[in-house]
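S.K.: To start, I am sharing the structure in question, which I have written as structure tokens.
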Amino acid sequence: TALELGVEVHMFGGRMKADINAFQSVSKGQIVRTQMSATTGFLTAPQNTGKISNKGLEVDLFLQLIRKRNFFWDIDLAFSHVQSLVSDLPENMPQITLASFTALSSNIINGQPYGVFRGTSIKRNEAGEMIIGEDGFPLINSEQTIIGDPNPDFLLSLRNSLGIGKLQVSMLWDIRKGGDIWNGTRGVMGYLGVSKESGDQREVRDYIFPGVTESGEPNTKAVAFADPEEGMSSIYWRRYGFLGLAEKHIEDASWIRLRELHMSYPFKIDWLGKKDSQIRIGLTARNLLLFTRYSGIDPETNLRGDSNIMGWDYFNLPNTRGIS
């Protein structure tokens with residue numbers, strides 16, 4: 001069931017066009033494919049369950065900034081912002097696991113956005129301070145907790161189209177703000193001792209984790225991140241299992257990328273025997289530039305492929321750069 005309100009505006013003789021839509025939709029009885037226990041003999045099974053509400057805003061804007069005989073400049077902008085909320089799951093099913101590893105899972109949970117991450121996390125008190133064990137290292141929650149949301153705050157694409165004489169140039173920028181990604185690659189490489197982080201910090205000695213003890217006193221216990229005399233089990237990056245501590249490997253998936261650059265130029269070809277015949281030769285390049293704080297290969301990658309299970313990076317392949 002959906003409600004959509006929109007307005008379409010044309011101004012200045014068509015040099016500005018805007019299409020603005022606000023919407024809210026409610027979906028019930030969704031078909032959700034969930035993982036099954038291995039003892040059933042099945043990997044997954046579909047279910048009809050729950051309600052998901054989506055509300056958002058979409059804006060498409062066209063601007064003809066300059067239009068002269070030998071020069072033009074047009075801008076196309078597309079903006080979208082969507083919020084989701086899961087509710088009305090059955091009482092005996094407070095959450096549905098969409099996909100999982102031992103340290104992380106994507107879930108449908110009552111009162112949360114679609115696909116939130118649950119994973120291993122550090123134990124904290126009500127003030128948010130880490131609770132430190134007797135050995136001087138942070139304690140881990142006995143149950144996995146919500147540690148991230150892969151849904152972006154907004155998406156924005158911006159295309160500039162220019163004509164300079166006969167030369168035409170088009171440049172498309174893609175922008176994503178917010179949303180989390182799990183860098184499982186970083187966790188495993190830390191466990192194996194081959195990550196940059198473990199290399200830079202393996203000589204750390206006498207480090208005191210900020211936090212409090214289980215009794216509430218400030219932590220004063222100094223530790224070494226890797227002490228050869230204590231053996232492999234004492235190494236900081238091996239304490240939390242092969243995948244590492246999931247909470248530490250949740251990162252911001254924001255990006256700015258030059259998605260496409262296109263240039264073309266026409267040439268006259270009189271030998272076709274037709275007046276004003278021409279051939280246009282073009283060059284197109286994709287994924288030329290990427291600006292992101294994400295420490296992995298590319299925050300657009302996804303272990304789960306083209307699906308609604310978002311935000312998994314586990315030794316994934318990077319995007320390709322193409323020129324045609």
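The values are calculated or read from the model by the stated rules, or taken from the named source; none is laboratory data. Remember, predicted model here, so these are calculated numbers, not experimental data. Cβ placement follows ideal geometry from the backbone for every residue including glycine, while neighbour counts extend to all protein chains displayed. For the accessible areas, the whole protein counts, side chains as well, though only heavy atoms, and no ligand, DNA or RNA atoms are used. Shrake-Rupley method; radii C 1.70, N 1.55, O 1.52, S 1.80 Å.
S.K.: Report the equivalent ellipsoid semi-axes for region 63-122 in whole Å, largest first, defined as the square roots of five times the eigenvalues of the gyration tensor built from alpha carbon atoms.
M.R.: Value: 47, 15, 8 Å, ordered largest first.
S.K.: Compactness ratio of region 195-324: Cα Rg over 2.2 N^0.38 Å, N = residue count?
M.R.: 1.89
S.K.: Another one. Give me a comma-separated list of calculated 3J(HN,Hα) values for region 134-141, in order, Karplus coefficients 6.51, -1.76, 1.60 applied at θ = phi - 60°, integers in Hz, x for any Gly or Pro.
M.R.: 5, 7, x, 10, x, 7, 10, 4
S.K.: Now for a separate question. Sorted by accessible area (1.4 Å probe), largest first, how do TRP173, TRP73, TRP237, TRP182 line up?
M.R.: TRP73, TRP173, TRP237, TRP182
S.K.: Heavy atoms of the protein only, probe of 1.4 Å, neighbouring chains included. What is the accessible area of ILE108 in Å², nearest 10?
M.R.: So the heavy atoms of ILE108 present about 10 Å² to solvent.
S.K.: Mean 1/r over all different Cα pairs, inverted: what Kirkwood radius does the chain give, in Å?
M.R.: 24.0
S.K.: Would you mind giving the average projected area, over all directions, of the Cα convex hull of region 117-169 in nm² with one decimal?
M.R.: That works out to 7.5 nm², a quarter of the Cα hull's surface.
S.K.: Which value in Å is the Kirkwood Rh of region 29-100 over different Cα pairs?
M.R.: One over the average 1/r among Cα pairs gives 16.6 Å for region 29-100.
S.K.: Follow-up. How much net charge surrounds PRO299 when only other residues with a Cβ under 10 Å from its Cβ are counted (Lys, Arg +1; Asp, Glu -1)?
M.R.: Residues close to PRO299 contribute a combined charge of -3.
S.K.: Same structure again: With just the Cα atoms defining each centre, how far is region 187-251 from region 84-102? Give it in Å.
M.R.: 32
S.K.: Quick one: Karplus J couplings for region 191-203, per residue in order, coefficients 6.51, -1.76, 1.60, θ = phi - 60°, nearest Hz, x for Gly and Pro?
M.R.: Listing the rounded values in order: 4, 7, x, 10, 7, 4, 4, 5, x, 5, 10, 5, 8 Hz.
S.K.: Just to verify a number: what accessible area does LYS123 come out at with the full protein assembly present, 1.4 Å probe, Å² rounded to tens?
M.R.: The accessible area comes out at roughly 80 Å².
S.K.: Among GLY41, THR145, MET171, whose Cα projects farthest towards the positive end of the dipole of the chain, with charges put on the beta-carbon of Lys, Arg (+1) and Asp, Glu (-1)?
M.R.: Farthest along the dipole direction, towards plus: MET171.
S.K.: For ARG118, tell me the accessible area in Å² from a 1.4 Å probe, rounded to the nearest 10.
M.R.: Solvent-accessible area, nearest 10 Å²: 50 Å².
S.K.: Can you list the HN-Hα couplings for region 242-254, worked out from phi with the Karplus curve (6.51, -1.76, 1.60; θ = phi - 60°), rounded to whole Hz and with x for Gly and Pro?
M.R.: 4, 7, x, 7, 4, 4, 6, 10, 8, 10, 6, 9, 5
S.K.: Once the cut-off is 22 Å, how many percent of the Cα-Cα pairs in region 1-137 end up in the long-distance tail?
M.R.: 63
S.K.: Could I get the Rg over Rh figure for region 220-268? Both from C-alpha atoms, Rh via Kirkwood, rounded to two places.
M.R.: 1.51
S.K.: How many lysine pairs does the chain hold where the Cα atoms are under 18 Å apart and the two sit 8 or more places apart or on different chains?
M.R.: Here the count comes out as 9.
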